[in-house]
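Engineer: One structure, as structure tokens, below. Some questions next.
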Protein chains: 2
Amino acid sequence: MYKVKSKIWIEKDGELVFGDGKYELLRAIKSEGSISKASRRVGMSYRKAWGYVKAIEERLDIKLIERKKGGIDGGESFLTKEGETFLKKYEEFRQGLNEYVDKKFISVFKFKNK
Amino acid sequence: MYKVKSKIWIEKDGELVFGDGKYELLRAIKSEGSISKASRRVGMSYRKAWGYVKAIEERLDIKLIERKKGGIDGGESFLTKEGETFLKKYEEFRQGLNEYVDKKFISVFKFKNK
């Protein structure tokens with residue numbers, strides 16, 4: 001009946017660097033192998049998706065995406081090794097957080113036992 | 001340089017029950033002893049603040065605020081004992097979360113050591 005929800009994001013000098021929305025975009029790029037397909041899947045324009053990728057790369061100072069240009073769809077895109085590592089770290093971080101929040105919520109509020 | 005931020009909230013049947021904004025309101029009522037003063041402090045109208053209190057009480061099924069009517073300012077308002085307990089639990093929950101997030105963030109991303 002009661003559920004706890006959380007949102008989390010990383011900032012650098014007060015600016016958003018990365019969060020769940022951007023995570024979904026990177027994950028979609030990884031599975032679709034294409035920024036344009038990924039952007040459609042997460043419901044944003046190609047232009048916006050591309051801008052997001054550039055902004056994350058700049059703020060994290062790592063190259064996330066490798067592009068093979070060409071084709072009508074803007075070519076294929078892959079996560080770099082560093083990109084994969086970052087995504088995995090974020091998953092580990094996020095997963096741990098979800099578990100923590102759920103456990104702590106139940107232990108503090110005891111809603112489940114009511 | 002990098003910082004992790006989090007937002008957390010409790011839902012019941014998909015509806016927002018309680019979160020950091022409502023926590024700030026309740027804390028302000030506690031310290032001001034007045035819903036109208038508290039609402040000014042957190043920057044919302046008296047009407048909205050009162051509506052929030054009623055909605056939280058209804059969704060949590062506990063009485064949070066005791067009112068002593070009268071005066072030009074709408075009278076004094078106090079947190080009930082149940083309200084105090086709820087606030088303390090939320091603080092415990094939130095505080096633990098902040099600590100967890102910071103620790104996990106540093107351990108996963110190692111940004112501090114870069």
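The values are calculated or read from the model by the stated rules, or taken from the named source; none is laboratory data. Computed from a prediction, not measured in an experiment: that's the story for all the values here. Note that we place each Cβ from the backbone using ideal geometry, even for glycine, and neighbour counts take in every protein chain shown.
Engineer: Read through the list (1) modelled with pLDDT under 90; (2) farther than 30 Å from residue A:95 by Cα, then give the number of the only condition that residue B:2 fails.
Structural biologist: Of the numbered conditions (1) modelled with pLDDT under 90; (2) farther than 30 Å from residue A:95 by Cα, the odd one out for residue B:2 is (2).
Engineer: Related question: If I filter the range A:3-25 for residues that are over 22 Å from residue B:107 (Cβ atoms) and touching a residue at least 40 places away in the same chain (Cβ under 8 Å), do I get at least one hit?
Structural biologist: yes
Engineer: Could we say that residue B:106 is within 13 Å of chain A (Cβ to nearest Cβ), surrounded by 17 or more Cβ atoms within 10 Å (Cβ to Cβ) and either more than 15 Å from the chain's Cα centre (by Cα) or of a type in the set (A, V, I, L, M) (or both) here?
Structural biologist: The answer is no for residue B:106.
Engineer: Let me ask you something else. Please state which of the following conditions residue B:80 fails to meet, knowing it meets all the rest: (1) closer than 22 Å to residue A:109 by Cα; (2) over 13 Å from the mean Cα position of the chain (by Cα); (3) of a type outside the set (Phe, Trp, Tyr); (4) exposed (fewer than 14 other Cβ atoms within 10 Å of the Cβ).
Structural biologist: (4)
Engineer: Considering each residue of the range A:1-33, count those that are more than 7 Å from every other protein chain (Cβ to nearest Cβ) and basic (Lys, Arg), and give that number.
Structural biologist: So the answer is 3.
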